[in-house]
Amino acid sequence: MNKALAGTLERARSAFATISLGQKVVIGLLLAGLLLGGFFFSKWITAPTQAPLFSNLATSDAAAIVEELNAQGVENEVVDGGGTIMVAKDAVYDLRLQMSGQGLPAGQDTGYTLLDEQGITTSEFQQEVTYKRALEGELSKTLEALDGVNEAIVSVALPKDEVFVTEQAEPTASVLLDLAAGTQLSGEQIQAVTNLVSSSVEKMSPEQVTVTDTSGQVLSSPGSGISAAAGDARSQVEMDYQNRLAANAQKILDSVLGPNKAVVSVRADVDLDKRDTTSKTYTYDEGTPPVSEQRDVENYTGGGGGVVGGVLGPENMPDAGGTTGGGDSNYTKESTTANNAVGETTEVTQAAPGGLNRLTVSVVMDQAVAGDLPQAQIQALVEDAVGLDAARGDAITVAAMPFDTTAADQAAAQMEAARDAEASEAMWSMIRTGGIAAGIALVVLVVWLRSRKRTEPEEDYEPLELSDDMIAELDRIRIASTREVPVDNAAAELEAAERLKVRSEISTMVNERPDEVAAMLRGWLTENKA
């Protein structure tokens with residue numbers, strides 16, 4: 001076994017000694033690359049997959065957990081600005097149980113958990129304050145669940161219930177949002193925040209909620225009549241409507257004048273107010289019997305004295321002779337009250353927001369191409385495209401003016417220069433890449449040719465049939481070529497004739513089979529070098 005191993009090592013050393021310096025360098029670089037790649041691969045394949053142990057931690061809790069993990073010798077990584085701790089995925093649940101057993105993360109009791117700490121000796125004032133804190137904590141946790149909100153602070157002002165006050169004050173709330181970097185809330189999201197807070201507090205309206213961010217920007221405030229979210233939504237509706245109408249008109253003008261030869265601007269006054277209208281109508285059909293009827297009749301008959309009844313007038317006044325105008329008198333009074341059946345119709349109409357109050361359109365055409373075109377027809381086409389209504393007070397203006405194309409020409413020239421520079425850079429990059437590849441290929445080719453020239457592959461030849469005398473002479477020549485061997489002159493003379501004969505045979509063999517002899521001599525030389 002040792003002899004076989006020694007022979008293998010000897011052959012490896014012999015083969016390594018025959019290769020050139022360039023081949024040795026290439027083999028060394030390949031081995032170094034394989035070792036380096038294997039090292040990184042083994043490091044990557046053996047690295048444990050990490051998962052978050054806790055997220056959204058307070059600074060004190062994160063410090064305490066990291067200290068405990070370091071004490072246990074657990075590898076951990078703190079990311080997300082110190083709010084998240086990463087550990088090995090297979091140890092997450094065990095570590096959570098261990099940390100929970102030690103009361104970590106401690107955190108702060110917020111939300112309705114504060115109500116669990118009240119005792120029987122808690123005063124009414126403490127109960128009110130605790131309920132307010134609990135409500136604010138629950139709202140803060142709810143708002144922090146929104147995307148892009150790192151932290152939310154909610155303050156609620158609850159008015160006291162007064163018995164002898166006619167108008168009760170309304171509750172108000174203020175919200176401070178710490179938004180993530182690059183996050184900006186839209187109008188709908190701000191409206192969602194105000195509605196979420198107002199719906200969680202009794203008798204609170206969305207108009208009583210103030211929303212600001214940590215930069216001091218007021219996102220929604222009460223008292224302005226319309227919240228910032230509603231204003232944002234109104235602007236977005238108007239912009240979408242204007243863009244849609246302008247696109248319809250621009251499409252027609254581009255087809256007639258060509259691209260970039262006309263500009264259309266549309267201004268729409270959109271009515272987003274919601275209105276409810278209630279109207280009542282009463283009808284009566286002739287011949288319909290009354291629902292109820294009441295009739296009163298009063299009769300009187302009398303004589304002699306003064307007038308008991310009647311209407312005051314000259315016929316009841318005393319005459320000039322002193323008579324009192326007496327005598328018999330009577331009257332009859334009759335009244336009838338009837339409640340007729342009247343039909344009643346109540347109609348409630350809700351006007352949806354989105355009505356158009358007024359529309360104004362401005363069209364500017366390039367005079368170079370619109371000089372001979374009939375502007376009346378173009379105006380009519382634009383009016384039909386945007387749905388212009390003159391009775392509503394809509395207006396349109398069409399004008400042909402020379403366009404200033406300086407900026408467009410400069411932009412086109414810069415774009416063309418940028419494309420040329422990009423193409424040139426791509427070409428030079430390809431040239432550099434091709435040159436590097438060609439250089440590497442040339443170096444490899446030169447090294448290969450040199451190694452091929454120096455170490456030609458040995459061909460398989462049939463073993464030479466040598467006699468014992470020829471083998472002995474060749475061995476003597478090989479040994480004599482490597483070292484000086486003292487030989488007795490007398491013995492040399494005696495063997496000269498025999499060596500001459502053997503040499504002649506060797507010379508004949510070299511002439512007849514030079515390749516086999518050369519291969520055998522190269523093998524001997526290799527052994528001598530080793």
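The values are calculated or read from the model by the stated rules, or taken from the named source; none is laboratory data. These numbers were taken from a predicted model, which means no experiment stands behind them. Here Cβ is always computed from backbone atoms with ideal geometry, including for glycine, and neighbour counts include all displayed protein chains. What goes into the accessible areas is simple: the full protein's heavy atoms, side chains included, and nothing from ligands, DNA or RNA. Shrake-Rupley method; radii C 1.70, N 1.55, O 1.52, S 1.80 Å.
As an exercise, use a Förster radius of 56 Å and the Cβ-Cβ distance of S362 and N195 to find the FRET efficiency, rounded to the nearest 0.05.
Details: r = 39 Å, r/R0 = 0.69.
The computed FRET efficiency comes out at 0.90.
If the chain between E238 and V447 were fully stretched, how many nm would it gain, using 0.36 nm times the residue separation less the Cα-Cα distance?
67.8 nm
With every protein chain kept in place and ligands, DNA and RNA left out, what is the accessible area per residue of region 339-396? Probe 1.4 Å, answer in Å².
Using a 1.4 Å probe on heavy atoms only, each residue of region 339-396 averages 59 Å².
HN-Hα J couplings of region 436-441 from phi, Karplus 6.51/-1.76/1.60, θ = phi - 60°, integer Hz, Gly and Pro as x?
These are the phi-based 3J(HN,Hα) values: 5, 5, 5, x, 4, 4 Hz.
What's the extension gain from E416 to T283 if we count 0.36 nm per residue and subtract their Cα-Cα distance?
Here the answer is 40.0 nm.
From the phi of every residue in region 264-274, what ³J(HN,Hα) in whole Hz does the Karplus formula 6.51 cos²θ - 1.76 cosθ + 1.60 yield, where θ is phi - 60° and glycine or proline is x?
Couplings: 10, 10, 10, 10, 10, 9, 9, 8, 9, 7, 9 Hz.
Give the distance, in whole Å, between the Cα centre of region 384-421 and the Cα centre of region 138-205.
Result: 46 Å between the Cα centres.
Using 0.36 nm per residue, how much length does the chain from A390 to V263 gain when fully extended, once their Cα-Cα distance is taken away?
43.5 nm
Distance check, please: which entries in K251/K274; K141/K274; K203/K274 exceed 25 angstrom between their Cα atoms?
Beyond 25 Å: K251/K274; K141/K274.
In nm, give the distance between the simple-model label positions of Q377 and T122, each being 7 Å from the Cα along the Cα-to-Cβ direction.
8.3 nm
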